[in-house]
Amino acid sequence: MHESGRWHIAFDAAQFQGLFDDHMRPEGRFATRMDRPAPLVQGVTLACRVHIPSYGVSIPALDLEEGVVWVAAPERGQSIEFAVMITEPSVQVTDWPTKRSMGTELAGTFDLDDGSRVWIVHHQVATTEPRLPSSGTPRYFKGKGHEDLDAQGIRGVTWGTAPDGSIFFFEGPVLIGRGGNARAS
């Protein structure tokens, strides 16, 4: 999310050159660029959503650092949807955006330098599997290759644009199919 209104998903500029072997390195560090989504209502933008399906929860409840919010795993067939909302400084909010309209719970909030406020909320939704490209050339990080896909605990993230214009992320385990094809689910 960039103050210019032109947002992007990118590798860290300081780390990019060292992440890939030369033949695997993407042309640039930006994976995608997009425009800021249109406001849901005046002064309130749904920046992005992150879905984590019930089968993707693999970390047991641990003693957490103070300030870390623990969100319970979703029911089978459900996902936890985290939504990141931004309210402009002029917006007066008594609770948090989507508390009543979507039945969300508040995970956290913080202020930006321009006076806007970021809200992270969550609730359960039905799991919708992402549609992955039918083909493509994988890019492996430095020192990694196809043979590393056999390891346990590999996780992946895919993203796209939701019908309402917000950015949608789906995070979960990577499962290897019979032909050695990987899929995020």
Residue list for the range 159-168, restricted to those being surrounded by fewer than 17 Cβ atoms within 10 Å (Cβ to Cβ) and touching a residue at least 24 places away in the same chain (Cβ under 8 Å): 160, 161, 162, 164, 165
Residue count for the range 46-70, restricted to those that are free of Cβ contacts under 8 Å to residues at least 60 places away in the same chain and either in a strand (DSSP E or B) or touching a strand residue (DSSP E or B) at 6+ places or on another chain (Cβ under 6 Å) (or both): 1
Residues of the range 76-125 that turn out to be over 23 Å from residue 57 (Cβ atoms), out of contact with any Phe, Trp or Tyr (no Cβ under 6 Å at 6 or more places or on another chain) and among the hydrophobic types (A, V, I, L, M, F, W, C), as a count: 5
Hits in the range 89-116 (condition: acidic (Asp, Glu) and open to solvent by 70 Å² or more (accessible area, probe 1.4 Å)): 105, 111, 113, 114
Residue that is nearest to the chain's Cα centre (by Cα), among those in the range 142-155 that are exposed (fewer than 13 other Cβ atoms within 10 Å of the Cβ) and modelled with pLDDT of 80 or more: 155
Flag if residue 80 is of a type in the set (Val, Ile, Thr), open to solvent by less than 60 Å² (accessible area, probe 1.4 Å), touching a residue at least 12 places away in the same chain (Cβ under 8 Å) and more than 28 Å from residue 55 (Cβ to Cβ): no
Residue within the range 159-181 that is modelled with pLDDT under 80, assigned to a strand (DSSP E or B) and either out of contact with any Gly (no Cβ under 9 Å at 6 or more places or on another chain) or of a type in the set (Asp, Glu) (or both) present: yes
Scope the range 13-45; condition part of a strand (DSSP E or B), open to solvent by 70 Å² or more (accessible area, probe 1.4 Å) and under 27 Å from residue 138 (Cβ atoms); matching residues: 30, 33
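The values are calculated or read from the model by the stated rules, or taken from the named source; none is laboratory data. Keep in mind it's a predicted model, so treat the numbers as computed, not measured. Cβ atoms come from the backbone with ideal geometry, glycine included; neighbour counts cover every protein chain shown. Accessible surface areas use protein heavy atoms only, side chains included; no ligands, DNA or RNA. Shrake-Rupley method; radii C 1.70, N 1.55, O 1.52, S 1.80 Å.
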